[in-house]
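Questions regarding the structure given below will be posed in turn.
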Amino acid sequence: MKAPAKSSASSSPARSVHTTKKEEASALFALLEEHAHEQVSLVYEPSSGYRGIIAIHDTTLGPALGGTRFWNYASDREALIDALRLARGMTYKAAVAGLNLGGGKSVIIGDNKVRNREPIFRAHGRHVESLHGRYITAADVGTSTHDMEFIKAETDHVTGLIGKSGDPSPVTAFGVYRGMKACAKHRYGDDELRGKVVAIQGCGHVGYYLAELLYKEGAELIATDIDAAKVKKVVDDFEAKAVAPEEIYGVQANVFAPCALGGIINDQTILQLKVEIVAGGANNQLAEERHGEMLEAKGVTYAPDYVINGGGLINVNAELNGWTMERARSKAGEIYDTILTVFEIAAEERMPSYKAADRLAERRIAAIAKVRQNFV
């Protein structure tokens, strides 16, 4: 009752702060509306310092599955945007792979090199459990199969565990390799990669296994990574040529294979590219959708990221459904035909490949939506 007695001078700052908070809230809800996410959950657990976001994009095809990313984001807003974009990508990835899964993603905000990991991942496990099976998690950037064991202590809604499907990288890399061969078939009329030059950005697990497959076929490799030890291993094992991280975009090659973080196809890098194909394992490779248009205008064949890197999701789906690893690898091999289907849709409907991939995913989701309700 005392508030009306305040002077206008003292009340102005309060109104200003209130307006700012309303604007911030409005901006956050606008982000949620952008891709029609079903649910977003944010949790802070003070004793461990856990700050986590779980985004569920769509459960038309089944429970939302997507890994947990642990990253030191510049801001909470950046973390939310990453979770939302990645969750949407998982919906489309599951749809084009023909899996009965929806799309979700979670991010933990903080230093992923922290040593005392159990309290943080137990807190994350409780966060996952609170969603009652609508979301299933797995390992992703900054997390490991060991971290998933901590989550398992709090919830059964986790996959990619030690002794089961484990590290999805080999299957992911095999799917990327098959998708790259499909791009070669589309571009050159022959899917042979022997003698082709492939520039690999990122020599982590997926990049390393991809390099091995390409080397065995006889491709020439150029490699880079911010971790010099990882590059050295690819150079030593597969006779790759190493270049500095900032130089990889301008090398002369047939294929550019982004296998690190997203947003690397942008206004600056597109101008440097001297390749005919972009096909790699990274998520969210296009910084903005218009960069897919720019690749098309430049005459570059682009394998949409969530189609070509679907092997990791197929791997964890195998664990959920009791598939053998042979069956998972075979399913990942089907990415070859899916990539070619995307290119067929792009040609028929005169659209860039990234839009054609969306069209393929949306067709399956719409068809299944007619015969079932969302997963609850």
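The values are calculated or read from the model by the stated rules, or taken from the named source; none is laboratory data. Because the structure is a prediction, the values reported are computed rather than measured. Methodologically, a virtual Cβ is constructed for each residue, glycine included, from the backbone with ideal geometry; neighbour enumeration extends over all protein chains shown. Remember, those area values only see protein heavy atoms, side chains included, never the ligands or the DNA or RNA. Shrake-Rupley method; radii C 1.70, N 1.55, O 1.52, S 1.80 Å.
Just for region 197-212: of the residues that are touching a helix residue (DSSP H, G or I) at 6+ places or on another chain (Cβ under 7 Å) and not in a helix (DSSP H, G or I), which one is surrounded by the fewest Cβ atoms within 10 Å (Cβ to Cβ)?
Among them, the one singled out is Gly204.
Within region 346-365, which residues are open to solvent by less than 30 Å² (accessible area, probe 1.4 Å), in a helix (DSSP H, G or I) and either closer than 23 Å to Ile314 by Cα or touching a Gly at 6+ places or on another chain (Cβ under 6 Å) (or both)?
Ser353, Tyr354, Ala356, Ala357, Asp358, Ala361, Ile365
Counting just the residues of region 249-263 that are modelled with pLDDT of 95 or more and not small (Gly, Ala, Ser), which one comes out most open to solvent (accessible area, probe 1.4 Å)?
Applying the filter and picking the extreme gives Gln252.
In addition: Assuming Tyr73 fulfils every condition listed in (1) open to solvent by 10 Å² or more (accessible area, probe 1.4 Å); (2) assigned to a helix (DSSP H, G or I) apart from one, which condition is it?
Among (1) open to solvent by 10 Å² or more (accessible area, probe 1.4 Å); (2) assigned to a helix (DSSP H, G or I), the lone unmet condition for Tyr73 is (2).
Among the residues of region 249-299, write down those that are β-branched (Val, Ile, Thr) and closer than 19 Å to Gly195 by Cα.
Val251, Val255, Val275, Ile277, Val278
Out of everything in region 147-168 that is part of a helix (DSSP H, G or I) and either open to solvent by less than 10 Å² (accessible area, probe 1.4 Å) or out of contact with any Phe, Trp or Tyr (no Cβ under 9 Å at 6 or more places or on another chain) (or both), what residue ends up being nearest to Asp111 (Cα to Cα)?
Among residues in region 147-168 that are part of a helix (DSSP H, G or I) and either open to solvent by less than 10 Å² (accessible area, probe 1.4 Å) or out of contact with any Phe, Trp or Tyr (no Cβ under 9 Å at 6 or more places or on another chain) (or both), the one nearest to Asp111 (Cα to Cα) is Asp147.
Just wondering, is there one or more residues in region 133-146 that are at pLDDT below 95 and open to solvent by less than 10 Å² (accessible area, probe 1.4 Å)?
Yes, region 133-146 contains a residue that is at pLDDT below 95 and open to solvent by less than 10 Å² (accessible area, probe 1.4 Å).
For region 265-311, give me each residue that is surrounded by 24 or more Cβ atoms within 10 Å (Cβ to Cβ), over 18 Å from Pro352 (Cα atoms) and of a type outside the set (S, T, N, Q).
Residues satisfying the conditions are Gly281, Gly310, Gly311.
Residues of region 318-332 being open to solvent by 10 Å² or more (accessible area, probe 1.4 Å) and either within 24 Å of Ile264 (Cα to Cα) or not in a loop (DSSP other than H, G, I, E, B) (or both), which ones?
Of everything in region 318-332, those that are open to solvent by 10 Å² or more (accessible area, probe 1.4 Å) and either within 24 Å of Ile264 (Cα to Cα) or not in a loop (DSSP other than H, G, I, E, B) (or both) turn out to be Glu319, Leu320, Asn321, Met325, Glu326, Arg327, Arg329, Ser330, Lys331.
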